[in-house]
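Here's the structure we're looking at; comments come further down.
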Amino acid sequence: MKIGYTSGVFDLFHIGHVNILRNSKSLCDKLIVGISTDELVSYKHKKPVIPFHERMEIVQSIKYVDVVIAQENMDKFSLWEKIKFDLMFVGDDWHKTNKWQKLEKKFNNVGVRIIYFPYTKCTSSTLINKTLENLRIKNEPI
């Protein structure tokens, strides 16, 4: 049985999220998805719009997802030591970054393959947030 793992904030759920979950599940028998806690997201000086437990429930309801877990830190390798996944799925915006090149070497030593999926450029939670902010500014009464 091939176990796959991916993670993210999954705030303002959109087609990019569906794409990574669908593509991930197509390559494994069991897909585990880590949902970043609100505390973890704060390291980016951001606050999710959708609370953590609701994001967990939303992602768990997706037919491609077998298990959701809390992602409480960014240490992917220590998580692997706990759940022993075979494949890790990541957006290609991380491909060839120093951080992920180091992770690839580390995971390669234990037989874990990292697969990069195309990042959905036309839609992202950041873009949705900026669009909503712009709409709010334009619609404010003078």
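The set of residues in segment 95-134 being in contact with a strand residue (DSSP E or B) (Cβ under 6 Å, 6 or more places away or on another chain) and modelled with pLDDT under 85 consists of His95, Tyr119.
Scanning segment 59-91 for residues that are more than 19 Å from Tyr119 (Cβ to Cβ) and either in contact with a Phe, Trp or Tyr (Cβ under 8 Å, 6 or more places away or on another chain) or basic (Lys, Arg) (or both) returns Lys63, Ala70, Phe77, Leu79, Trp80, Lys82, Ile83, Lys84, Phe85.
For segment 83-94, filtering for residues that are touching a strand residue (DSSP E or B) at 6+ places or on another chain (Cβ under 6 Å), more than 19 Å from Tyr64 (Cα to Cα) and aromatic (Phe, Trp, Tyr) leaves 0. Among the residues of segment 38-50, is there at least one that is under 20 Å from Asp86 (Cα atoms), loosely packed, with under 14 Cβ neighbours inside 10 Å and more than 14 Å from the chain's Cα centre (by Cα)? No, segment 38-50 has no match at all. Within segment 53-94, restricting attention to residues that are among the small types (Gly, Ala, Ser) and either under 15 Å from Tyr5 (Cβ atoms) or in a helix (DSSP H, G or I) (or both), which residue is modelled with the lowest pLDDT? Of everything passing the filter in segment 53-94, Gly91 is modelled with the lowest pLDDT.
The values are calculated or read from the model by the stated rules, or taken from the named source; none is laboratory data. Values in this document were obtained by computation on a predicted structure and should not be read as measured data. Every residue, glycine as well, gets a Cβ built from its backbone with ideal geometry; the counts of neighbours run over all protein chains shown.
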